[in-house]
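Following: one structure in structure tokens, then a few remarks.
The values are calculated or read from the model by the stated rules, or taken from the named source; none is laboratory data. All of these numbers come straight from a predicted model, not from anything done at the bench. When we count neighbours, we look across all protein chains shown, and the Cβ atoms used for this are built from the backbone with ideal geometry, even at glycine. Accessible surface is based on the protein model in full, side chains and every heavy atom, while ligands, DNA and RNA are left aside. Shrake-Rupley method; radii C 1.70, N 1.55, O 1.52, S 1.80 Å.
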Amino acid sequence: MKQFAALLRKDNQPVRYLVVDDSVFARKNLIKMIEMFGGEVAGEAGDGLTAIAEFNRIKPDIVLMDITMPQMEGIEAVERIVRQHGDARIVMVSSVGYQENILAALQKGAKHFVQKPVKPEVLYEILRYVLSDDPNAVNAPVALAGEHHS
Amino acid sequence: MRMELIQPFISAADAVFAESLQAPTKIQDLSMDENTYRRKGVAALIAIKGDIEGRVILDLSHEVAMKVASQLAGMEVEASEQVVKETVCELANMVIGNSVTLLNDQGFHFKVFPPEIHMDETGLAGSADTEAMVICLETPCGEIYLNIAMHYLHRRRSERSAVPALD
């Protein structure tokens, strides 16, 4: 399995993620990748409404957000989260990757977009980029995932 | 049936299965079908409405679905009806999502409805004027079937705007 240098916060703690997807498999898959990147899954949600509540509760460093979900879709959830927390870092993760969808998500405040099925190396680079303007996160990885905190 | 409508689904299925299952896939069989579709395992039906209309069915056996589930989860998954349904829906969502992206980039606009799972014994009827293409894809987990029935409903937006209005 490919190894990735850990993405850490400036305080040397793991980046905390909220994973939002109505598919259990999609969440498991993303969680597996987060662990490969040395991150910590602070919370999970299966719809937009729960995602908002979870965001307020755990204040994650990064949200990975699906678009098509029951109750409230991802793009509306992004809009509501960003309205309350202007510094929220949300990456959209969806199988529907056409331009209108991507633009709508970015206009509502998402930082980036990755299409399913997610390739670990693609998500890793996007997370590095999104974290690079986070004052709490390091710009450059410093350790291999799994080696920095045991 | 127009191949330009079918090709994005085949390309998307190939890419999605290859990436998700971490191995190449190949088309084992391809045929036209005018009859009501009889599922082979658990089938997810996704309806499409807009510039083009129709439906796509993704169909796989319980056994194949469980192998796919373990592959997607990265660990052995305990077999259950719920896991099978989740797996089929997730695969269908990824294939359709990627196909829609390709078709949208070609200028087609339409709405995709969430997948509906079919496990009963009754067939899945197509519309009277629509024949379906059935594609059997061989994957490392087993055979996965795609049944695609699609037709143009309206002229594409660009074609509509090119036609002068009649007063």
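Just to be sure I understand: if you take the accessible area of chain A alone plus chain B alone and subtract the pair, with a 1.4 Å probe, what total do you get in Å², rounded to 100? So the buried area, both faces added, is about 1600 Å².
The residues of the stretch B:95-119 listed by number as losing at least 40 Å² of accessible area in the complex, against the isolated chain and with a 1.4 Å probe, are B:Asn98, B:Thr101, B:Asn104. A simple packing score, the average count of other Cβ atoms within 10 Å per residue, orders the peptides B:85-95, B:22-32 as B:85-95, B:22-32, with the highest score first. Quarter the surface of the alpha carbon convex hull of the stretch A:1-110 and you get the mean projected area, 7.1 square nanometres.
Solvent-accessible surface of the stretch B:28-149, taken per residue with a 1.4 Å probe and all protein chains present: 43 Å². Only DSSP H runs of four or more residues enter the estimate; each adds -39500 (n - 2.57), and after division by the residues of chain B the mean residue ellipticity at 222 nm equals -12000 deg cm²/dmol. Carbon and sulfur: what percent of the stretch B:45-117's accessible surface (1.4 Å probe)? Carbon plus sulfur share of accessible area: 54 percent.
Each 5 Å bin from zero holds the following percent of Cα-Cα pairs in the stretch A:72-119: 5, 25, 33, 23, 10, 4, 0.
Residues whose amide H comes within less than 5 Å of that of A:Val41, counting only those at least five positions distant or on another chain, are A:Tyr17 (H built at 1.01 Å from N in the peptide plane). Within a straight-line Cα-Cα reach of under 14 Å, B:Lys111 can be paired with the following aspartates and glutamates, leaving aside sequence neighbours fewer than 8 residues apart in one chain: A:Glu100, B:Asp51, B:Glu53.
Checked against a 32 Å cut-off, the cross-linked pairs A:Lys2/B:Lys49; A:Lys119/B:Lys40; A:Lys111/B:Lys40; A:Lys10/B:Lys85; A:Lys32/B:Lys26; A:Lys59/B:Lys67 give Cα-Cα distances beyond that limit for A:Lys2/B:Lys49; A:Lys111/B:Lys40; A:Lys10/B:Lys85; A:Lys59/B:Lys67. Here, the protein assembly as shown has an Rg and a Dmax of 20.8, 76 Å when only alpha carbons are counted. Only helical runs count toward this figure. For chain A, summing -39,500 (n - 2.57) over DSSP H runs of n ≥ 4 and dividing by all residues gives -11500 deg cm²/dmol at 222 nm.
Cα-based radius of gyration for chain B, normalised by 2.2 N^0.38 Å, reads 1.09.
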